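*Asks:* I have a structure here, written as structure tokens, and I will follow up with some questions on it.
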Amino acid sequence: MGGKEKSKGYCGWLIAFVVLGIVVAVIVLTVRHKHSSHKPVPAPIPGPPGAIEKKYADALGVAMQFFDVQKSGKLVNNKISWRGDSALQDGKEKKLDLSKGMYDAGDHMKFGLPMAFTATILSWTILEYGDQMDAVNQLEPAQDSLKWITDYLINAHPSPNVLYIQVGDPDIDHKCWERPETMAEKRPLIQVNTSSPGTEVAAETAAALASSSLVFKSIDSKYSSLLLKHAQELFTFADTYRGSYSISTPQVQTFYNSTGYEDELLWAASWLYHATGDASYLNYVTVQNGEKFANWLSPTLFTWDNKLAGTQVLLSRVSFFGAKEVSDEENQGLHMYRKTAAAIMCFLLPDSPRATHSRTDGGLLWFSEWNSLLHPVASAFLAVIYSDYMLMTQTASITCGGEAFTPADLRNFAISQADYVLGDNPLKMSYLVGYGSKYPKYVHHRGASIPADADTGCTDGFKWLSSSKPNPNVAMGGLVGGPFLNETYIDSRNNSMQGEPTTYNSALIVGLLSGLVTTSSVVQSFM
């Protein structure tokens, strides 16, 4: 018995040593893995447009159609069967042609701040991802939609220090439920000028025209020069006569209230630097106003109201790809913009120690009951752009709280937000109208809710608002407001909080999908 017990003892010790060896080996391998994860190998630089991702190509084709749905004026090559000419007299009282442009959302207002933002985002998308859009036949439609807005913005700027920022009275407009083609109500104009300044809207319009001048530079140089001339005049106006349009024109506060104009000044100057190569604009954003206005190292959300995150990513492009004859002070400012852009990425990445916890259980970034999809789509758009800057410059990773994250991590985050929008969510519903087999059918949109052959006045059209039937027309490509935090969605025409699509939402989803539709090199300079 004693010999057997001794044998068992030796056997037990042997097993213990083997287990200990395995544990040590696992620890060593884990430490090595963690150590190596801080030094990822740079991914290959993408070449020409690669294989098309059909899901995103189809969704992009749908999303692009909402710009046609929203067009005002005399429609050319109209692709939306239930839309027709509308608002042909806009601006006539001031001898201006403001008939073009796009309606803001489900109503028939033309709000200058979000419309200009729409144009800037559409321009940025084309500049970064034009090759990818062209690969799926969406580049030319995007250029046409952009020009529909910029034609309007040029006409809205009849002299250097005057900009018309609104067409229509929202109080009157929102008391009506009718098709734009049958509107008969007065559509007054609102302007900003030297005595009633509107720095944020003038600067955003400058950003729109500067960025679009780059889009049209190789297509129509004369038009591009005209856009740039207006952009420079508007920036000078915005910067010289500083004042918030929310104070000068308090009636805008209910709909598109501004929380400040410093971000728009930086945003506009950044685009003017890219459009002109003029170093004074770079000095403006880095040395003169960077520390005062840019909120360095504090991540913010990118919206029609706050352009800081977009500016930080856009200027990180200059840091990534380099710029000629940059002073030490300017270079330090660029470094801070890039460092802040990286902090924003750390804020967005779900596995980052610096990540925001403001997300639904399904993984969607969520910050607002109203138009909840604005923030995740805008954030994902910035993430895919930043990831491409990293890829193009062989930047292997960014560091968030001591942990390394790669361009692939950023792209995967962007994909997660796009896929949620397209139906990978608890409701298995697409929030992009017209995409997939299940999407909102009671969209809060006047034109979509009324039959094309109905001739309604201002108020008798409300029967269509309260109708229990789905919209007779599909607002193709509209990105609705989105889900609540608990991931519920009430598909009701009266639910404008969740069910109203906006033109600027469409610009952002077009940008995101264009970045995901395939892989391709991004240009190192827009010039």
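The values are calculated or read from the model by the stated rules, or taken from the named source; none is laboratory data. Bear in mind the structure is a predicted one, so any value in this text is a computation, not a measurement. When we count neighbours, we look across all protein chains shown, and the Cβ atoms used for this are built from the backbone with ideal geometry, even at glycine. Just the protein is used for accessible areas: all its heavy atoms, side chains included, with ligands, DNA and RNA removed. Shrake-Rupley method; radii C 1.70, N 1.55, O 1.52, S 1.80 Å.
*Asks:* How large is Rg/Rh for segment 236-316, to two decimals, with Cα atoms and a Kirkwood Rh?
*Replies:* 0.98
*Asks:* I've got another one for you. Using only the alpha carbons of the chain, what is the convex hull's orientation-averaged projected area in square nanometres?
*Replies:* Spelled out: convex hull of the Cα atoms, projected over all directions, averaged, 30.0 nm².
*Asks:* For His335, what accessible surface area do you get with a 1.4 Å probe? Give it in Å², rounded to 10.
*Replies:* The value for His335 is about 90 Å².
*Asks:* Between the helical axis of 139-155 and the dominant principal axis of the chain, each derived from Cα atoms, what acute angle in degrees is found, rounded to the nearest 10?
*Replies:* Roughly 50 degrees between the two axes.
*Asks:* Let me ask something else. Relative to a virtual label point 7 Å from the Cα of Asp85 in the Cα→beta-carbon direction, which members of segment 105-120 show backbone nitrogen distances below 14 Å?
*Replies:* Taking a point 7 Å out along Cα→Cβ of Asp85, no residue of segment 105-120 has its backbone N under 14 Å.
*Asks:* Could I ask something else about it? Through the Karplus equation 6.51 cos²θ - 1.76 cosθ + 1.60, θ set to phi - 60°, convert the phi angles of segment 449-454 into ³J(HN,Hα) values in whole Hz; use x for Gly and Pro.
*Replies:* Couplings: 8, 10, x, 4, 9, 7 Hz.
*Asks:* Counting only helical runs of four or more DSSP H residues, what would the 222 nm mean residue ellipticity of the chain come to if each run contributes -39,500 (n - 2.57) and the total is spread over all its residues?
*Replies:* -15500 deg cm²/dmol
*Asks:* Relative to the first principal axis of the alpha-carbon coordinates of the chain, what is the inclination of helix 221-240, with its axis defined by its Cα atoms, in degrees from 0 to 90 and to the nearest 10?
*Replies:* 90
*Asks:* Hey, what's the Kirkwood Rh for segment 386-527 if you take every pair of different alpha carbons, in angstrom?
*Replies:* 17.6
*Asks:* Would you mind checking the tilt of helix 262-276 against the longest principal axis of the Cα atoms of the chain, expressed as 0 to 90 degrees and rounded to 10?
*Replies:* Rounded to the nearest ten degrees, it is 90.
*Asks:* In terms of solvent-accessible area of protein heavy atoms at a 1.4 angstrom probe, what is the ranking of Cys458, Cys176, highest value first?
*Replies:* Largest accessible area first, the residues go Cys458, Cys176.
*Asks:* Using only the heavy atoms of the protein chains and a 1.4 Å probe, how would Lys100, Lys186, Lys229 rank by accessible area, largest first?
*Replies:* Result, largest first: Lys186, Lys229, Lys100.
*Asks:* Restricting attention to segment 382-450, which chymotrypsin sites (Phe, Trp or Tyr not before Pro) occupy a DSSP loop and are surrounded by at most 12 other Cβ atoms within 10 Å?
*Replies:* Taking segment 382-450 and a limit of 12 other Cβ atoms within 10 Å, no loop chymotrypsin sites (Phe, Trp or Tyr not before Pro) are found.
*Asks:* Rounded to the nearest whole Å², what accessible area per residue is found for the chain with the 1.4 Å probe?
*Replies:* Using a 1.4 Å probe on heavy atoms only, each residue of the chain averages 41 Å².
*Asks:* Return the distance in nm (one decimal) between the two label points of a simple spin-label model at Asn257 and Lys441, each offset 7 Å from Cα along Cα→Cβ.
*Replies:* 3.8
*Asks:* Loop-only check: which trypsin sites (Lys or Arg not before Pro) in segment 269-376 are DSSP coil with at most 12 other Cβ within 10 angstrom?
*Replies:* Lys324
*Asks:* If you don't mind, another one. Anything over 25 Å Cα to Cα? Flag those among Lys71/Lys175; Lys79/Lys217; Lys95/Lys175; Lys100/Lys229; Lys79/Lys222; Lys100/Lys463, in the order listed.
*Replies:* Pairs exceeding 25 Å: Lys79/Lys217; Lys95/Lys175; Lys79/Lys222; Lys100/Lys463.
*Asks:* Mind putting together the pair-distance distribution for segment 40-102? All Cα pairs, 10 Å bins, whole percent per bin, short to long.
*Replies:* Calculated P(r), rounded to whole percents: 17, 29, 21, 16, 12, 5, 0.
*Asks:* Given R₀ = 22 Å, what would the calculated FRET efficiency be for Asp171 paired with Ile490, taking r from the Cβ atoms and rounding to 0.05?
*Replies:* Calculated value: 0.25.
*Asks:* Could you give the C-alpha radius of gyration of segment 369-439 expressed as a fraction of 2.2 N^0.38 Å, taking N as the number of residues it contains?
*Replies:* 1.31
*Asks:* Once Rh is set to the Kirkwood radius over Cα pairs, what Stokes-Einstein translational diffusion coefficient, in µm²/s, holds for segment 285-420 at a temperature of 10 °C and a viscosity of 1.306 mPa s?
*Replies:* Using the Kirkwood radius from Cα pairs, D works out to 105 µm²/s.
*Asks:* Put a dot 7 Å past each Cα toward the Cβ at Glu185 and Lys222; how far apart are the dots in nm?
*Replies:* About 4.0 nm, to one decimal.
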